[in-house]
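The values are calculated or read from the model by the stated rules, or taken from the named source; none is laboratory data. Every value quoted in this text rests on a predicted model; they were computed, and no experiment measured them. All Cβ positions, even for glycine, are placed from backbone atoms using ideal geometry, and neighbour counts span all protein chains on display. Ligands, DNA and RNA are stripped out before the accessible areas are found, and what is left, the full protein with its side chains, is counted by its heavy atoms. Shrake-Rupley method; radii C 1.70, N 1.55, O 1.52, S 1.80 Å.
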Amino acid sequence: MVNSTGINYGQIANNLPSPEDAVPLVKSIGATKVKLYDADPRVLKAFANTDVEFMVGLGNEYLDKMRDPTNAQAWVKENVQPHLPATKITSIFVGNEVLTLNDTSLSDCLLPAMQSVHAALLNLGLDKQVTVTTTHSLAILQTSYPPSAGAFDGSFVRNVEFPSKNWLSFLINAYPYFAYKGNPEQVPLDFVLFQPNQGVTDPQTHLHYDNMLYAQIDAVYSALASLGYKKLPVHISETGWPSKGDEDEAGATPENAEKYNGNLIKLMSGKTGTPMRPNSDLNIYIFALFNENMKPGPTSERNYGLFKPDGTPAYPLGITPNNAVGRNTTVGGGSFGNAVTNPYYPMSSSTGYMSISSARQRYQLLGHVLLMVPLLMIKTLGDRFGE
C-alpha cells in the first residue's frame, strides 16, 4: 500500500506567492498531490515536469453549462489537454458537495455534467489518464456511528449509479474541527487531534478507534459496502484545522493546528490504513496550502493555511521547508481572469473557488456537527474521559 499526502491549493487572496514559488513549499511538506479549485493555467504550467499529480475542479456554478457535451469538450480542450502530459492532471472533480446543498437546480445537473466531461475525455482520448469525480460532505451519511453502521441518506443513493461505475476513489470532505467547535465540552480534544487517548470501540466489529477522522472514513466504507461497493477506496479530499479564529471558535489555535496537521502528516508517512481497511491506501488532501486573506466568513476561514503568504510556516509542523519564499519575494494577486478568454473558464480564480469551498461553514450553520460526532459517540467519549 502507498499512502499519499495531498494539499488543497486555494487562491482567495491578493497577496499569495507566485505559483512557481509554491512548488518548493508543496514539496517541502512531502505532498505528492495537489487539489486545485479551478484549472488555473499559471499553476498547472508552474508544476509541469514536477511529478506532482493534480486534481482540477469545475465549480458548482458551471454545472448547468457542462451538461452540454459541446461546452464540456471545449473546457477540457482548453483547460486540461494543453497541459498534458507535462503536468500530471489525473482527475477532474465536477462540483463540490452538491448532493447536500438541498438545491435541485444543482443536483439535477451534477450527473449530466459529469457524463459530459467523461464523454469529452473519451472523445479526446484522455479517459485513461484523467478520471471524473465529485466531492461529498459527510452530510451524505444518514448514520455515522458506530462506523460499522454507516449508511447514506436516501437522496444520495438515488444519485450514485453513474459515478460509482467510473470512480477510482470516493471523495469526502471531513473536518473533525467542526465537531469539537460545536461541542468542546463533550468532544475530547485529544480524540480529534490524533493525540494519545483511550478512544472508542465499535460495539459491532470490536474495532478500536483512537481518532475521529478514521472513524468517519470507516463509516463511509460501511455505507459504500451496504450498496455493494466493497472495494471502492475512500479518500479525504479536504480536512484541516484553523490556526486562528473568533472568540466563539473553540480550538482554533496554532498549537491545535500544529497537532492536527502535523500528526496527520506523520500518520500518512506510515503504511497503515484505518481499522476497518488496514491494508487500503490512505490519500488525504490537507486544507490548505496558504492562509487566504479574502475569504468571507469567520476568522478561521482565513487561517487554514500551512503557510503564510510570504512562504513562512503558519506554525511549526516538524517539517523544514527546503526553499521557503522570502519576505522580499514578489507576490501576485489572486485574480487573473482578465487574461483568460475561454468562456467556460472561471473569470476569477477567487470567485470560482469561493463558490465551491464555502461548504465547510455549512456544518456549523445546518447543525451537521451531529453527523461528525453523533450523540452516542459524544456520550461514549464523555463516559470514557470522565466528562
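Computed quantities for the displayed model
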| read-out | value |
| --- | --- |
| Residues of region 89-104 satisfying the condition of being crowded, with 21+ Cβ neighbours inside 10 Å and charged (D, E, K, R) | E97 |
| Count - residues of region 73-95 that are of a type outside the set (A, V, I, L, M) and in a helix (DSSP H, G or I) | 8 |
| Residue that is open to solvent by 10 Å² or more (accessible area, probe 1.4 Å), out of contact with any Asp or Glu (no Cβ under 6 Å at 6 or more places or on another chain) and under 26 Å from D153 (Cβ atoms), where the choices are G228, G270, G251, G240 | G228 |
| Scope region 176-216; condition touching a residue at least 60 places away in the same chain (Cβ under 8 Å) and among the β-branched types (V, I, T); matching residues | V187, V192, V200, T205 |
| Neighbours by Cβ (under 8 Å, 6+ apart or cross-chain): first from region 235-252, aliphatic (A, V, I, L, M) and in a loop (DSSP other than H, G, I, E, B); second open to solvent by less than 10 Å² (accessible area, probe 1.4 Å) and at pLDDT 95 or above | A252/Y177; A252/W241; A252/P242; A252/S300 |
| Subset of region 272-308 (residues that are touching a strand residue (DSSP E or B) at 6+ places or on another chain (Cβ under 6 Å), in a loop (DSSP other than H, G, I, E, B) and of a type in the set (S, T, Y)) | Y304 |
| L264 vs. criteria surrounded by 17 or more Cβ atoms within 10 Å (Cβ to Cβ), touching a helix residue (DSSP H, G or I) at 6+ places or on another chain (Cβ under 6 Å) and either under 16 Å from Y304 (Cα atoms) or polar (S, T, N, Q) (or both) | no |
| Selection status of M276, modelled with pLDDT of 95 or more, of a type outside the set (S, T, N, Q), closer than 24 Å to S4 by Cβ and surrounded by 15 or more Cβ atoms within 10 Å (Cβ to Cβ) | yes |
| Residue match in region 105-128 (condition: open to solvent by less than 10 Å² (accessible area, probe 1.4 Å), more than 30 Å from D51 (Cα to Cα), touching a residue at least 60 places away in the same chain (Cβ under 8 Å) and of a type outside the set (S, T, N, Q)) | no |
| Subset of region 96-154 [within 25 Å of V80 (Cβ to Cβ) and assigned to a strand (DSSP E or B)] | N96, T131, V132, T133, T134, T135, H136 |
| Hey, I7 buried (at least 22 other Cβ atoms within 10 Å of the Cβ), of a type in the set (A, V, I, L, M) and touching a Gly at 6+ places or on another chain (Cβ under 8 Å) or not | no |
| Residue within region 141-157 that is among the polar types (S, T, N, Q), open to solvent by less than 40 Å² (accessible area, probe 1.4 Å), in contact (Cβ under 8 Å) with a residue 24 or more places away in the chain and under 27 Å from G305 (Cα atoms) present | no |
| From L138, L189, residue being open to solvent by less than 10 Å² (accessible area, probe 1.4 Å), out of contact with any strand residue (DSSP E or B) (no Cβ under 6 Å at 6 or more places or on another chain) and either closer than 25 Å to F287 by Cα or modelled with pLDDT under 95 (or both) | L138 |
| Looking only at region 61-80, and only at residues there that are in contact with a helix residue (DSSP H, G or I) (Cβ under 6 Å, 6 or more places away or on another chain) and open to solvent by 10 Å² or more (accessible area, probe 1.4 Å), the one that is farthest from A13 (Cα to Cα) | P69 |
| Count - residues of region 201-215 that are open to solvent by less than 10 Å² (accessible area, probe 1.4 Å) and under 23 Å from G262 (Cβ atoms) | 5 |
| Which numbered condition K259 misses (of (1) crowded, with 19+ Cβ neighbours inside 10 Å; (2) outside any helix (DSSP H, G or I)) | (2) |
